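Novice: First the structure, which I've put down as structure tokens, then a few questions once you've had a look.
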Amino acid sequence: MNDFYLIYKNLTRKKLRLTLTVFSIFIAFTIFGAVSALKGSLDSGIEMSADNRLVTVNKINFTVSIPYAYVNKIRAMEGVKDVTHANWFGGYYQEPAVQIVSMAVDPTTYFDVYNELVVPDEQMQRWQSNQTGMLVGARLAKVYGWKVGDRVPISSNIFSQKTGGQTWDFTVDGIFDAEDAKVDTGYMVFHYKYFRETNSYGGDNVGWLVLTTTSSDLNEQVAKSIDEAFANSSAETETSTEKAFNKAFLEQIGNIGLIIFGVVFMAFFTILVVVGNTMVLAIRERTNEIAVLKTLGFTSARIFKMVLIESLLLAFIGGLLGLGAAKLIVAAMSDQLARFLPNIAVGTDVIIQALLYMALLGLITGIAPAINALRLNIVTAFSRG
Amino acid sequence: MTTEHLFDLQKVAKRFVKGKDSITIFDNLDLSINKGDFVAIMGPSGSGKTTLLNLLGGVDQPTEGEISFDGQRIDKLSENLLAKWRANNVGYIFQFYNLMPMLNAARNVELPLLLTNLSSSERKQSVATALELVGLADRAKHMPSELSGGQQQRVAIARAVVSDPKLLLCDEPTGDLDRATADEILKMLQLLNREFGKTIIMVTHDPSAAKYANRTLHLDKGKFVDRELAA
């Protein structure tokens, strides 16, 4: 027997109370783990944005297209390195509910601008020369089991073909991936030309432009030049850095950070009250036993430490179980969520944060009963008993 | 003070402050207890028996005066040093046993040994010996709730003697037991006094219990009624 055995026996002496307390901590950390993973996934787009990449959209809003002619005009501007364009296709696979992030892009420039994406040369050449080909992101290909050479029909919930019908046939010409696992590869791209020639409406327009500058120092100047060049035209533009664009896009849903903080704060505040109350009661019930230990010669500091460790253990048992559950839930759902939430996972940063919260929870809920135990006067305790 | 004395109390006073009032429990109390004594302290409720026991056991400190144990002043020791002194020198036996309900008999007996440097196997050996001494070797794995009152008190005695202290302090050790069981416990204390040389100080209301002691002190309103017995 040692002090740890005493702590363990005290912790487990009331099984139902232990189970309920651990369960409340478990729930809080499951919520924390899952919600933080969601935030991490949403933020990864912002995090992975290149410093020198800008996005130009129609000033009205990003769903209104801009003339294709802008591409070459912007390409000729000072400070611009590469320019590409994309159109939102609104694709789905077999069922409208099975949405596929799909875009019509310029095959010759898209991967110059998104140079973090990697495609084998041979696959790239095949795709560039095949107008009905598509390149599929590695994660999307994994979800549906698509391989190079597969013929895949993708329908659009926005566009229809000139010949009627809303389904386009594609051949998987290649699979693109990225060295950094945080880069989203949960989408597919295909030829803008194929889209424009077969699409029943839309004309010679593109959805948005993405460009890189020769130096991120020039971002502001280039963005200003672009927007000034098209001011007072029928399609005015708004240019911002990719990071700012992605952030603004996410904020349409709401302030994710604030929502997450609210949920986590409520969960933690509730368990703080529950666990704190439980610990105070548990130690008060043991007043006589603590007095006996002190009488036997256990020092106040040693008893203080034992109570605090008990509280920390409680927080870590519930917290680690909760975090483990969050990890399992997120891992089990990551494939289903992959289309909307790329790279969703309970990452190391979330685990470290959770461990800190567990320690904090244990300390906050344990400090008051530990101090009570520390200050407990033997004579007073026995006279109360 | 002679080396024969285990305890020497000189002009000990103990006062409590309750609101604006100061309550005096003792004033100018002198007492010597010899090594190997079995002392019974008797007296009516509120006479100061338990307070005296607390002072002797180092769980409380006097307001004034000196308390020496085996030549060492204990009345001025810090809380930490007093805790160590208690662990090294005193075994306690309470009226209501005060065993840890979540530990079995052997683990309860082992508790004071956690404050020593003994190895796990040495502790086990000491626990077995102590339980053997009180006749409960076969109940080592039993929880306190599975033992009778007399058995629980015997476990408490084993816990008190396991670290081989010089002094045993007993606060109404038979107050919760029937006559026959009380006699068993008292015989056990007498054995510890006679055969193992333990100095025992026992607070009791029970004159039959006091008969097992070789010296009886009567306290009333904070004073020894029979001064010859106290000296």
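Novice: Which of the following residues is within 14 Å of chain B (Cβ to nearest Cβ), surrounded by fewer than 17 Cβ atoms within 10 Å (Cβ to Cβ) and in contact (Cβ under 8 Å) with a residue 60 or more places away in the chain: A:ALA291, A:ALA301?
Specialist: Numbers: A:ALA291 fails: surrounded by fewer than 17 Cβ atoms within 10 Å (Cβ to Cβ).
One residue alone meets the criteria, A:ALA301.
Novice: In this structure, is A:ILE31 surrounded by 15 or more Cβ atoms within 10 Å (Cβ to Cβ), β-branched (Val, Ile, Thr), under 30 Å from A:ARG286 (Cα atoms) and more than 14 Å from chain B (Cβ to nearest Cβ)? Outline the logic, then answer.
Specialist: Numbers: surrounded by 15 or more Cβ atoms within 10 Å (Cβ to Cβ): yes; β-branched (Val, Ile, Thr): yes; under 30 Å from A:ARG286 (Cα atoms): no; more than 14 Å from chain B (Cβ to nearest Cβ): yes.
No.
Novice: So which strands (runs of 3 or more DSSP E) are wholly in region A:170-262 and hold at least 2 residues that are under 21 Å from A:VAL57 (Cα atoms) and of a type in the set (A, V, I, L, M, F, W, C)? Steps first, please.
Specialist: Numbers: elements: A:188-191, A:208-213, A:237-241.
The qualifying strands (runs of 3 or more DSSP E) are A:188-191, A:208-213.
Novice: Also: Would you be able to say whether some residue in region B:202-224 is in contact with a His (Cβ under 7 Å, 6 or more places away or on another chain), closer than 21 Å to B:LEU55 by Cα and either outside any strand (DSSP E or B) or of a type in the set (A, V, I, L, M, F, W, C) (or both)? Walk me through it before giving the result.
Specialist: Taking region B:202-224 first, the residues in contact with a His (Cβ under 7 Å, 6 or more places away or on another chain) are B:224.
Keeping just the survivors that are closer than 21 Å to B:LEU55 by Cα gives B:224.
Subsequent filtering for residues that are either outside any strand (DSSP E or B) or of a type in the set (A, V, I, L, M, F, W, C) (or both) retains B:224.
Yes: one or more hits.
Novice: Give me the residue from region B:80-101 that is hydrophobic (A, V, I, L, M, F, W, C) and crowded, with 20+ Cβ neighbours inside 10 Å and, out of that set, farthest from the other protein chains (Cβ to nearest Cβ). Before the answer, list the steps.
Specialist: Residues of region B:80-101 that are hydrophobic (A, V, I, L, M, F, W, C), as a first pass: B:81-83, B:85, B:87, B:90, B:93-94, B:96, B:99-100.
From what's left, crowded, with 20+ Cβ neighbours inside 10 Å: B:82-83, B:87, B:90, B:93-94, B:99-100.
Values: B:LEU82: 9, B:ALA83: 5, B:ALA87: 3, B:VAL90: 8, B:ILE93: 11, B:PHE94: 8, B:LEU99: 8, B:MET100: 6 Å.
Checked region B:80-101; the qualifying residue farthest from the other protein chains (Cβ to nearest Cβ) is B:ILE93.
Novice: Restricting the search to region A:173-182, which residues are buried (at least 21 other Cβ atoms within 10 Å of the Cβ) and either free of Cβ contacts under 8 Å to residues at least 40 places away in the same chain or aliphatic (A, V, I, L, M) (or both)?
Specialist: A:ILE175
Novice: Also, I was wondering about something else. Name the residue, out of A:LEU218, A:LEU258, A:LEU211, that is of a type outside the set (Val, Ile, Thr) and touching a strand residue (DSSP E or B) at 6+ places or on another chain (Cβ under 8 Å). Before the answer, list the steps.
Specialist: Working: A:LEU218 fails: touching a strand residue (DSSP E or B) at 6+ places or on another chain (Cβ under 8 Å); A:LEU258 fails: touching a strand residue (DSSP E or B) at 6+ places or on another chain (Cβ under 8 Å).
Going through A:LEU218, A:LEU258, A:LEU211 in turn, the sole match is A:LEU211.
Novice: While we're looking at this one, here's another question. What do you reckon, is A:PHE316 aromatic (Phe, Trp, Tyr), at pLDDT 85 or above, in a helix (DSSP H, G or I) and in contact with a helix residue (DSSP H, G or I) (Cβ under 7 Å, 6 or more places away or on another chain)?
Specialist: Numbers: aromatic (Phe, Trp, Tyr): yes; at pLDDT 85 or above: yes; in a helix (DSSP H, G or I): yes; in contact with a helix residue (DSSP H, G or I) (Cβ under 7 Å, 6 or more places away or on another chain): yes.
Yes: the conditions hold for A:PHE316.
Novice: Within the bounds of region B:123-138, is there any residue that is in contact with a strand residue (DSSP E or B) (Cβ under 8 Å, 6 or more places away or on another chain), outside any loop (DSSP other than H, G, I, E, B), away from chain A (no Cβ under 12 Å) and surrounded by 15 or more Cβ atoms within 10 Å (Cβ to Cβ)? Give the steps one after another, and end with the answer.
Specialist: Looking only at region B:123-138, we keep the residues that are in contact with a strand residue (DSSP E or B) (Cβ under 8 Å, 6 or more places away or on another chain), and these are none.
No, every residue in region B:123-138 fails to be in contact with a strand residue (DSSP E or B) (Cβ under 8 Å, 6 or more places away or on another chain), outside any loop (DSSP other than H, G, I, E, B), away from chain A (no Cβ under 12 Å) and surrounded by 15 or more Cβ atoms within 10 Å (Cβ to Cβ).
Novice: Looking at region B:1-119, what helices (runs of 4 or more DSSP H) fall wholly within it and have at least 3 residues that are in contact (Cβ under 8 Å) with a residue 24 or more places away in the chain and in contact with a strand residue (DSSP E or B) (Cβ under 7 Å, 6 or more places away or on another chain)?
Specialist: Values: elements: B:49-56, B:79-89, B:105-110.
Helices (runs of 4 or more DSSP H) meeting the threshold: B:49-56.
Novice: Hey, among B:LYS141, B:LYS187, which residue is more than 10 Å from chain A (Cβ to nearest Cβ), out of contact with any Pro (no Cβ under 9 Å at 6 or more places or on another chain), among the basic types (Lys, Arg) and not in a helix (DSSP H, G or I)? I'd like the intermediate steps shown before the answer.
Specialist: Working: B:LYS187 fails: not in a helix (DSSP H, G or I).
Result: B:LYS141 is the single residue among B:LYS141, B:LYS187 that is more than 10 Å from chain A (Cβ to nearest Cβ), out of contact with any Pro (no Cβ under 9 Å at 6 or more places or on another chain), among the basic types (Lys, Arg) and not in a helix (DSSP H, G or I).
Novice: Looking at region A:153-175, which of its residues are at pLDDT 90 or above, out of contact with any Asp or Glu (no Cβ under 6 Å at 6 or more places or on another chain) and not hydrophobic (A, V, I, L, M, F, W, C)?
Specialist: We begin by selecting, within region A:153-175, every residue at pLDDT 90 or above; these are A:153-156, A:167-175.
Remaining after also requiring out of contact with any Asp or Glu (no Cβ under 6 Å at 6 or more places or on another chain): A:154-156, A:167-171, A:173-175.
A:SER155, A:SER156, A:THR167, A:ASP169, A:THR171, A:ASP173, A:GLY174 - these are the residues of region A:153-175 that are at pLDDT 90 or above, out of contact with any Asp or Glu (no Cβ under 6 Å at 6 or more places or on another chain) and not hydrophobic (A, V, I, L, M, F, W, C).
The values are calculated or read from the model by the stated rules, or taken from the named source; none is laboratory data. Just so it is clear, the model here is predicted, and its values are computed rather than measured. Heads up, the Cβs are rebuilt from the backbone with ideal geometry, glycines too, and the neighbour counts pull from every protein chain shown.
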